[in-house]
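Enquirer: Quick one: this structure, given as structure tokens, is what I'll be asking you about.
Each reported figure results from applying straightforward, stated rules to the coordinates on display, with no laboratory input. Keep in mind it's a predicted model, so treat the numbers as computed, not measured. Please note: Cβ atoms are built from the backbone with ideal geometry, for glycine as well, and neighbour counts cover all protein chains shown.
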Ligand code: HEC
Ligand code: HEC
């Protein structure tokens, strides 16, 4: 029964409750004294500055799975960011009311992100949440519709009271969704155990792959910087057009700057084995396909007629010439970034009385 739902009073695993009532992430990475973003094994990583209460996080979990937020009442955030599919959808491009032009990213560690979306057009999770809600191709909702529906659901009225001390609003809905997504932490893979000193956590092939990934020939870690495996920067790597022939301008659509054409935000590689196909429009089916792409002359696959300023870490006159063995080693290493141990529980029932959608 919807009215039996109560909100968690404790923080999710890996978070500690502070005196101000908010949850703070605790990981080994915050105790290292190496400079942040230097990419070494024990790179320092401070917990995200934005913190939320256990109740806000748990309310966000219900909202994330609840189709009440879509105009048709049939799509939730989890319809595309499905926990059973690595918080993505297994599709080349997301499918909402209609098909989108871009693929659905996983949401691991988004609480750390300073830039969101493939073209970096959102800065905070609170801002980002409004984009799928209002996009006519995604959930096709509007502010009035969402506020009316939530205020008409007695379950939600009391849960928003508990979490925010007021009745449901668009603003608090966005905060709760951000709170929940900040709890999606993946920092306990075999790679992390190796980084923290367990020399047996990676096998010899994975160690070779890690060294190649970090080496100056392949240069992967220049952009996919450990431990988040992204730098949150825009970069032009020269992605091919998708199979429909569409060449997405990426961040080039947001700014006239020619250096932005074909620029996309470096995605995280955490749990990357779970979210094929790859790249912003699902251009590659396998991780080997992606590494083969990088192992070629810069720009070899770039859409015809697009004058791309390819990033110098990709640009090599003749490609990095990695051997087939090294390509396989890098692919094996990417498999060591799997950790879904903190995947949140999908609610069995929802405060709206609707069925959880994913
Ligand atoms: C129809 C499928 C679909 C639905 C529904 C959907 N998303 Fe997404 N999500 C996507 C796609 C596709 C992108 C990338 C869009 C882009 O870059 O233009 C994305 C991007 C994101 C990102 C940025 C991640 C990053 O690393 O940059 C976040 C956060 C996110 N979605 C959260 C949500 C939330 C919260 C909801 C529910 C309110 C939601 N999504 C609903 C498909 C979907
Ligand atoms: C110049 C920065 C840069 C370098 C160097 C780089 N990448 Fe990337 N990587 C990106 C960007 C940007 C994307 C997104 C491209 C797109 O979708 O168009 C990406 C996408 C990926 C993806 C797909 C992720 C997904 O969710 O679809 C994988 C896997 C990947 N890179 C692995 C590697 C490996 C392995 C190397 C080294 C051989 C490497 N990258 C080198 C910036 C970089």
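Enquirer: According to the square roots a ≥ b ≥ c of the eigenvalues of the Cα gyration tensor, what is the shape class of the range 190-335, taking rounded for a/c under 1.5, prolate for a/b larger than b/c otherwise, and oblate for the remainder?
Expert: Judged from the Cα gyration tensor, the range 190-335 comes out prolate (a/c at least 1.5, a/b above b/c).
Enquirer: Let me ask something else. Kindly identify the range 210-259 as rounded, prolate or oblate by the Cα gyration tensor criterion: order the square roots of the eigenvalues as a ≥ b ≥ c, call it rounded if a/c is under 1.5, otherwise compare a/b with b/c, prolate if a/b is larger, else oblate.
Expert: It is prolate, given that a/c is not under 1.5 and a/b is the larger ratio.
Enquirer: While we're looking at this one, here's another question. Using the 10 angstrom Cβ neighbour count as an exposure proxy, how do 52, 294 rank, fewest first?
Expert: Lowest count first: 294, 52.
Enquirer: For Cα pairs less than 8 Å apart in space and 6+ apart in sequence, what is the mean separation divided by the residue count of the chain, i.e. the relative contact order in percent?
Expert: Once divided by the residue count of the chain, the mean separation gives 22 percent.
Enquirer: Sort 4, 126, 206, 233 by Cβ crowding within 10 Å, fewest neighbours at the top.
Expert: 4, 233, 126, 206
Enquirer: In addition: How far is helix 204-214 tilted off the main Cα axis of the chain, in degrees rounded to 10, range 0 to 90?
Expert: Value to nearest ten degrees: 90.
Enquirer: Given the DSSP H assignment, sum -39500 (n - 2.57) over each helix run of at least 4 residues in the chain and divide by its residue total; what's the result at 222 nm in deg cm²/dmol, nearest 500?
Expert: -8000 deg cm²/dmol
Enquirer: Relative to the longest principal Cα axis of the chain, at what angle does helix 54-65 sit, 0 to 90 degrees, rounded to 10?
Expert: With both axes taken from Cα atoms, the answer is about 80 degrees.
Enquirer: Taking the Cα centroid of the range 35-100 and of the range 324-358, what is the distance between the two, rounded to the nearest whole Å?
Expert: 11
Enquirer: Just to be sure I understand: of the beta bridges DSSP finds with both ends in the chain, what percent are antiparallel, rounded to 5?
Expert: About 85 percent, rounded to the nearest 5.
Enquirer: Is the shape of the range 261-327 best called rounded, prolate or oblate, per the rule: a/c under 1.5 gives rounded, else a/b larger than b/c gives prolate, else oblate, with a ≥ b ≥ c the square roots of the Cα gyration tensor eigenvalues?
Expert: Verdict is oblate for the range 261-327.
Enquirer: Quick check of the Kirkwood formula: for the chain, what is the inverse mean of 1/r over all pairs of different Cα atoms, in Å?
Expert: After inverting the pairwise mean of 1/r, the radius is 21.3 Å.
Enquirer: With a 10 Å Cβ neighbour count serving as the proxy for reagent exposure, in which order, fewest first, do 108, 118, 312 appear?
Expert: The most exposed by this proxy come first: 312, 118, 108.
Enquirer: Something else: Between the helical axis of 125-134 and the dominant principal axis of the chain, each derived from Cα atoms, what acute angle in degrees is found, rounded to the nearest 10?
Expert: 80
Enquirer: Please report the antiparallel percentage of the DSSP beta bridges confined to the range 2-182, to the nearest 5.
Expert: That works out to approximately 90 percent antiparallel.
Enquirer: In whole Å, largest first, what are the principal axis extents of the Cα atoms in the range 2-182?
Expert: Computed over the Cα atoms, the extents are 50, 41, 27 Å.
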